[in-house]
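What follows is a short report on a single structure.
The values are calculated or read from the model by the stated rules, or taken from the named source; none is laboratory data. Keep in mind that what you see is a predicted model, and the values were worked out from it rather than measured. Virtual Cβ from ideal backbone geometry, glycine too; neighbours counted across all protein chains shown.
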Amino acid sequence: MSIPILLLIFIYGVDTIQVMRTRNLFVPGKPFTLSRSKLELFLSCPRCFYLDRRLGIGQVQGPAFTLNSAVDALLKNEFDIYRRNKEPHPLMIQYAIDGYPYVHEDLDTWRNNFMGVRYTDPKTQLTISGAIDDVWIDSNDELHVVDYKATSTQAELTLDAPYRDAYKRQMEIYQWLLRNNGFSVSSVGYFVYANGRKNEDLFNGRLEFDVEILSYEGDDRWVDTAVQEAHACLSSDTLPDPHPACEWCAYRKEAAHYETT
Ligand code: SF4
């Protein structure tokens, strides 16, 4: 046993190092709540999704993105100032975006990671939840979903890279959730991107950002089907195949081979 594991056991106790959980598991025929990120997990690998939500074996968690969370919190605080006054944020004016940050009594619930915007699909009794960053309203009373992102790159910010497809799906699920809650939602959403500058001469305890807005026209028509397929996956008694291009599964298989022989 390696020293770091001994150290972890000393700090947290043996019980903490437990991969399998017994709570929050899907039981066929029973209503179940699925977060947006778990629906995304289903789309990227049904097997990992099944292991997690049906069998209680979740992926190993990486460290929290605390700097990104700090940027999110600061952007929320800043947009809330303009929300109180029902005024457009200067960035919205700069990008000629009609409207202002939306005022709604449930906004805090919609933004809460443990609550979010929720909708129960009547066919499957799956409740889908998603915590949004922000919503803006335009002069036609249509809502626009807004997501804050933080990065640090010298490349041009774009949504075109394949790994950005998950961001687009995220936006579309939020649009789907709000529409199913009876709101009139524009297909145009916005990503507010904070891009940390790396080329300053001095740090001085400050990280400076350039903030840009990228608009995205979403299409949520795929979401109903995805929810039904995720439900069918969970209801099955068969473990789905692994994703053929997944490094983790290849690693697990190789390691298990040598560990068991
Ligand atoms: S293929 Fe990857 S994502 Fe899927 S079950 Fe294996 S480790 Fe998980």
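On the stretch given as the range 214-261, residues that are within 29 Å of T33 (Cα to Cα), away from the ligand (no atom under 12 Å from the Cβ), of a type outside the set (D, E, K, R) and not in a helix (DSSP H, G or I) total 4. The residues listed here are A245, A256, A232; of these, the one that is closer than 30 Å to V27 by Cβ, exposed (fewer than 13 other Cβ atoms within 10 Å of the Cβ) and modelled with pLDDT under 95 is A256. Answer yes or no as to whether L34 is buried (at least 19 other Cβ atoms within 10 Å of the Cβ), within 16 Å of the ligand (Cβ to nearest atom) and modelled with pLDDT of 95 or more. No. Quick one: which residue in D201, D108 is outside any loop (DSSP other than H, G, I, E, B) and loosely packed, with under 11 Cβ neighbours inside 10 Å? Going through D201, D108 in turn, the sole match is D108.
Within the range 158-173, can one find any residue that is of a type in the set (F, W, Y) and buried (at least 19 other Cβ atoms within 10 Å of the Cβ)? No, the conditions are met nowhere in the range 158-173. Does A96 satisfy the condition of being closer than 30 Å to E247 by Cβ, away from the ligand (no atom under 16 Å from the Cβ) and among the hydrophobic types (A, V, I, L, M, F, W, C)? The answer is no for A96. All of (1) of a type in the set (G, A, S); (2) crowded, with 16+ Cβ neighbours inside 10 Å; (3) at positive phi hold for A96 with one exception: (2).
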